[in-house]
Each structure stands twice: as C-alpha cells, then as structure tokens.
1. Kindly give the semi-axes, whole Å and largest first, of the ellipsoid equivalent to the chain, taking each as the square root of 5 times a Cα gyration tensor eigenvalue.
2. Once you charge only the Cβ atoms, +1 for Lys and Arg and -1 for Asp and Glu, what is the size of the charge dipole of the range 86-166 about its Cα centre, to the nearest 20 debye?
3. Projecting each Cα onto the charge dipole of the chain (Lys/Arg +1, Asp/Glu -1 at the beta carbon, about the Cα centre), which of ALA145, GLY266, SER354 comes out farthest on the positive side?
4. Let me have the 222 nm mean residue ellipticity of the chain computed from DSSP H runs of 4+ only, each contributing -39500 (n - 2.57), with the sum over all residues rounded to the nearest 500.
5. Could you tell me which residue out of GLN91, VAL189, PRO223 lies farthest along the dipole of the chain toward its positive end? Charges go on the beta carbon: Lys and Arg +1, Asp and Glu -1, centred on the Cα centre.
6. Express the C-alpha Rg of the range 90-171 as a ratio against the empirical globular expectation 2.2 N^0.38 Å, rounded to two decimals.
7. Can you compute the charge dipole magnitude of the range 44-181 about its Cα centre, using +1 on each Lys and Arg Cβ and -1 on each Asp and Glu Cβ, nothing else charged? Give it in debye, rounded to the nearest 20.
8. Out of the range 41-125, which GluC sites (Glu not before Pro) are coil in DSSP terms and have no more than 15 other C-beta atoms within 10 Å?
Amino acid sequence: MAGGGETAVPSLSSDEALARLRLLRSPNVGPVSYYQLLRRFGTAAAAIEALPGLAARGGAPYRPAEAPRIAAEAAKVRALGGRYLFHDSPQYPALLAQTDTPPPILTMQGDAALLARPAVALVGARNASAGAMRLAREFGAALAAAGFAVVSGLARGVDAAAHKGALLPGTAAGGGGTIGVIAGGLDSVYPPENADLQAQIVAHGVLLAEMPPGTEPQARHFPRRNRIIAGLCAGTVVVEAAPKSGSLITARLAAEAGREIMAIPGSPLDTRSQGCNQLIREGAILVQGPADVIELVESFTGTPRSTFHEPPAPAAFDSGAATNDDPADIIALLGTAPVPVDELVRLSGAPAGSVQLALIELELAGRLVRHAGGRVSLA
C-alpha cells in the first residue's frame, strides 16, 4: 500500500477511531501528513498530542480539531445509516489502497460487500448527447450483469445514465451493482435532480464520500472525488467528453495509477466526442461494446494494454518519516515554485525522514502547500 503502508487490522478501538478522525480533520493535516504522522507516532492519539509542538517549530500556534466536533460528526454518520472505512480496514477497497496516498478515511452507505467486486468506471459529459446516455446505460447494465461494480460520480449526463443502467432490474443477479462517489458529504445531494438516484444507490449499491457530513461540494472537491473513482477501478471507460472535461482528468489519474484506459469513439464533428478521440489517439483502447470492456478488465494483471500513460508521480509517502531524525533545515531551499520532495532530500543532504518532518512542521504552521506529483512549495 503506497499511502498507508500498515498491515490491515481486523478492528480499531473506538477511541483510536475517533482520534484518527480528529487527526485528519485538524487544520493543515492532509492525506500525506496524516500517514506520516501516524507512521511516526504510532497512534493518532499520540500524533494529536504532538501537533502543537510541531506547528510551533514551524512558526505558528496550533489547535487540533475539537473532540466534541468530531464526536458530533461520528454521530451524524451513524444517524445517516453510514459508517467509516479506515485505510487499514479489511473492507477498504484493495485497488484504491494501492494508489499513491489513498484517502485515509471514507464514509459510506450501502452494501460494503460490493467494494470487493471487480470495478469499472464509466464517466463522461454532463451535457451528454442522447446517444451517449443510451450507451452509458447499456454499458452499465451489461457490466453489472457480468458481476462488475459500475463506478461513477453521480453527475448529470453520462454518470447518471451509467448508475441507472447498473440499477436496472435483474442486473444485480450477476453479483454486480453500482458505486457512487460524491464530492460532498453523505448528506449532500448534487445535482438536486439526482436525489432519487442517490437514494437508490444507497439502497441497492454503495455511496462513498471523502468529505464529512454537512460538506456541500465545491470545485476543489471534484478532483479529489475523481481520484477515488479512478483508484477504485481496474479500468476507466470514457463514454463522451469534451477536450477539457473532468472525465479526462479521471482518465489521466487512472493512467497514473497504472490502470486500463478505454474510450468510445465519436464523430469528429461533435465537440463532445473530441476528448474520447483524443484519448484514443494518445493510446487509450478503443471500445465499442461492453464485451470489449469485460475482456480487457477480466484479463487485467496490473499491466495495462493501453499505451496511454501519464508519468508516474513520485510516492508522496516516504517511510523515512518513521525515523526519529531531527527536522532538516530546508527553508532556504523552498520558494513559491513547487519542487519535488526528492530534490529537497538530494540538495539538503539530510535523511528523508528529517526532510519529511520539516515539511510536516511547515505544513501544520500553514506555511507549506503540497502539490500533485510529490511536490511542495511555500504558501
């Protein structure tokens, strides 16, 4: 597991579970620093105790998330009929756990058994054509009937059609179903017209969210949702997409994770097909029917046949963070331009754990920004 690193555990005490929630919800703690703090201090409770001192060394006062707020969040999740999935839980999706810095904690509603099914993402345009929505519905139904979990983001257009296809009567008989990944909390519905669809997914599939209840989706949340969609699946199918759509972001994230990338071709006269045609030109596999997808995903061994690949991002999690080294003096090497962490280690000559500890201190103090590809900069 790239992000967590720890061996899966059968259970977690309620105190430590709440401490993990509190750690992740504390100011300036993101997935990278969460994993590094947990590895360094052994437990979330110990990490929380250390936060004020670490931030002080980074140059700012600090208060962790208030325990009553975290208890209220947990109560809200229970009231919604939801539950938490921690990164080292046996039910945490295996492929998602293999991605770089997987979400430390997810909230879910529905049948957790579906998370163990082989999964395929179906994504595409919100303002999809009638033909694209018909294809998405047919692909969703056929994949679910073949035993796959159909994953999408509950958006308008292709996403909604894919979910609806996977929910058609008789499709779950093959053992499959659908997983909806949303950008807000479990109690948010976006877009509003998908309220009934979201309720059906909760009743007959799985709803996943990284954000806590009460969070309304914002623009910055959607790329995080897209990385979960891509990470859950052995393959991602883009049904219809404009050249700069979010669906292409999902495809590129899947490529970074080493997954199969597929696209349905369309007319070059329709701008909504240009994204798919571009993916195929860059090496994604052209698929024309569900059987093409099933054949590719069933034979997937971890090495995709598509030649559409993004350069792999350096691992954001570094086991060196578990050492007891003192923090490295790297502030002079940092600026507002992002720089790879590996480069900081090389230039400073300090152990990786010392550099990572210095970065955590600066991040907690609000002085550091983490970027994609294992890069950092001053805020």
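1. 36, 24, 18
2. On the way: 6 positive and 5 negative charges, 83 e Å.
Result for the range 86-166 is approximately 400 debye, rounded to the nearest 20.
3. Of ALA145, GLY266, SER354, it is GLY266.
4. Result for the chain, helices only: -12500 deg cm²/dmol.
5. Among GLN91, VAL189, PRO223, the one farthest towards the positive end of the dipole of the chain is VAL189.
6. So the Cα radius of gyration is 1.16 times the expected 2.2 N^0.38 Å.
7. My answer is approximately 380 debye.
8. Qualifying residues, ordered by number: GLU66.
Every number here is computed from the coordinates shown, using simple stated rules; none is lab data. Bear in mind that the values here come from a model prediction, so they are computed numbers and not experimental data. Cβ coordinates were reconstructed from backbone atoms using ideal geometry, including for glycine residues, and neighbour counts include every protein chain displayed.
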